[in-house]
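In what follows, a structure is listed as structure tokens, so that the remarks can point back to it.
The values are calculated or read from the model by the stated rules, or taken from the named source; none is laboratory data. If you're wondering where the values come from, they're calculated on a predicted model, not measured in any experiment. Because the Cβ atoms are built from the backbone with ideal geometry, glycine has one as well, and the counts that use them run over all protein chains shown.
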Amino acid sequence: MTVAARRRPLALAAAVATAAATLGATALAAPAAHAAGGPPPMTLKDGTLGWGLKKSFRDYVEGGFANGAIKVTDGAQRAGDGSFAFADGKGTYDMSTHAVSSTFKGGVRFTGHDGELDITFADLKLAGDAGGKTGRITADVTKDGATQDDVPIAALDLAAAKRTMGAGGKVTFDGIPATLTAEGAKVFSYQGRSMYKQGAELDKATFTTTAVTDVRPQPQPDPKPDPKPKPSEDGGAPKGDAAAKGDGTPKNDKAPGKAPAGTPAKAPAKADDKPVSGTVNDGRLDWGLKKSFRDYVTGGFAQGKAEVFGDAVKLADGYRFTKAAGTYDAAANTLDVAFKGEVRFTGHEGQLDLRFSNFKVKASGSGDATLSADVAAKGTVTLAKLKLDANALKARDGVVTLSAVPATLTAEGAGVFSYEGRAMYKEGTALDPVSLAVTVGKGAELPAADGQVVASAVGGTPAGGGGVTGGEASLAATGAGVPTGALLGGAGALALAGGAAVYATRRRSVLAKG
């Protein structure tokens, strides 16, 4: 094969990708016929839609509140995290218009409240809108004995998805942000009241598909092997295996990774300072209690709000309680610390009213730890059990730090999260992870805080701008920065158009070589 012939497929792949970007290619565009005279639509096969709809809804159905069940149907599978996989996706991709659509098999049925709640989602479809920045998931919904086809459930932010390519033309759009549509809000309802408002955050979705390419390689003559290695142009040693083996080549003592002779060994790392014990001087606790509970309160179902008071601040994903006080014993490997600040949840026109304050963490190096709080009208309640590693309580530079520690609901805590005498969650239910940092000893300073502050205590404002109380954080408050849509506009089409062409090119090359 000549050099020009070898370059031709690569030039074609580059041209397809460039044309896609120039035409404002979409990540997932609405179905449309391919342009007249253009290439025929590409078939998509083996598609999978991974989506949990909304975790708080799954918790609501399977928890003690609805006392219900979730059942997958028609080949759908349920993953270990409770989400669902709808498989055998089939669809098309038009290389002229960059239009993509895919339909999946399988369904899921939610039942509860002694049969009063009964919703089935089936025949899920994923499609997109012009421009490649937004899309949607639709489903056939059966509720109250009636079925409505192709109900828009989720609006998708396709530009924010992470795109990867795999072998055989496989393309994955991972972590697609999804929000509830107005039609979807009507679906997630009980006794005529929507549980969530339009725009409520749903579980992120993952879409995987495989582009089928029609590869028909032209026969190529078998290249004749060259039995003898050719010398280099400068007359030096032959290239290839002989050079790789290093025959007759002097060794290079200065090769990367090998220290020159006589180089002194590195000094051993400085040992940790003597452990510090004593009074906790300052600290913070970051915890959201349980996201599904926050959604329940501030969403359309309870029509309530969450407010912070005193020394608490509201974060994009929970709350921060500050001004820690307590004790730390390095020898016994124990921590007993309390934090100031309060959070109050109200809803159902005042029938739901929960106020938490004086959060405390008691932990030991054995891995046993608890998180408690003073709950109005109930006293001090142990809300969560924490799972710690053996060295989790080791102080460094006078600071004890716990990061994203798994937390589970206690039996006592399950009695707190209730409404009309019915617990919303069972003992052992996963709560939001817990993070804290406290200082011990003189001169210790807290590390820089993570998490975007949305609002300080009621009546206050965060540094640098106005605050909000109650409700959920806006997208602007999540620290997302520059919108990804503006940066990734045509990336999805490049993945399918340019990527599929590159895959086809590589395959032609392999087949041509025999």
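Strands (runs of 3 or more DSSP E) wholly in the range 156-250 with at least 1 residues that are modelled with pLDDT of 75 or more and at positive phi - which ones?
Numbers: elements: 162-165, 170-176, 178-180, 205-212.
It comes to 170-176.
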Among the residues listed as K362, K385, the single one being touching a strand residue (DSSP E or B) at 6+ places or on another chain (Cβ under 7 Å), among the basic types (K, R), buried (at least 18 other Cβ atoms within 10 Å of the Cβ) and not in a loop (DSSP other than H, G, I, E, B): K385
Residue match in the range 319-333 (condition: assigned to a strand (DSSP E or B), closer than 24 Å to T429 by Cα and touching a residue at least 40 places away in the same chain (Cβ under 8 Å)): yes
Top-ranked residue in the range 96-138 [being surrounded by fewer than 23 Cβ atoms within 10 Å (Cβ to Cβ) and of a type in the set (A, V, I, L, M, F, W, C); ranked as modelled with the lowest pLDDT]: A130
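Being assigned by TED's automatic domain parsing to the domain that holds T206, surrounded by fewer than 18 Cβ atoms within 10 Å (Cβ to Cβ) and not in a strand (DSSP E or B) narrows it down to one residue among D81, D149; which is it? Can you show your working first?
Numbers: D149 fails: not in a strand (DSSP E or B).
So the residue among D81, D149 that is assigned by TED's automatic domain parsing to the domain that holds T206, surrounded by fewer than 18 Cβ atoms within 10 Å (Cβ to Cβ) and not in a strand (DSSP E or B) is D81.
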Qualifying positions in the range 279-308 - crowded, with 18+ Cβ neighbours inside 10 Å and either among the aromatic types (F, W, Y) or in a helix (DSSP H, G or I) (or both): W287, S292, F293, R294, D295, Y296, V297, T298, F301
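Here are some residues: F339, F345. Which one is hydrophobic (A, V, I, L, M, F, W, C) and either on the phi > 0 side of the Ramachandran plot or within 29 Å of the chain's Cα centre (by Cα) (or both)? Working first, answer last.
Numbers: F339 fails: either on the phi > 0 side of the Ramachandran plot or within 29 Å of the chain's Cα centre (by Cα) (or both).
Exactly one residue qualifies, and that residue is F345.
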Conditions (1) free of Cβ contacts under 8 Å to residues at least 40 places away in the same chain; (2) surrounded by fewer than 20 Cβ atoms within 10 Å (Cβ to Cβ); number of the one not met by D397: (1)
Test: residue in the range 334-341 that is within 30 Å of K54 (Cβ to Cβ) and crowded, with 21+ Cβ neighbours inside 10 Å: yes
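Just give me the residues in the range 74-90 being without any contact (Cβ under 8 Å) to a residue 40 or more places away in the chain and on the phi > 0 side of the Ramachandran plot, in sequence order. Give the steps one after another, and end with the answer.
From the range 74-90, those without any contact (Cβ under 8 Å) to a residue 40 or more places away in the chain are 75-82, 84-86; that's our starting set.
Matches in the range 74-90: G75, G82.
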From K362, K314, residue being over 24 Å from A395 (Cα atoms) and among the basic types (K, R): K314
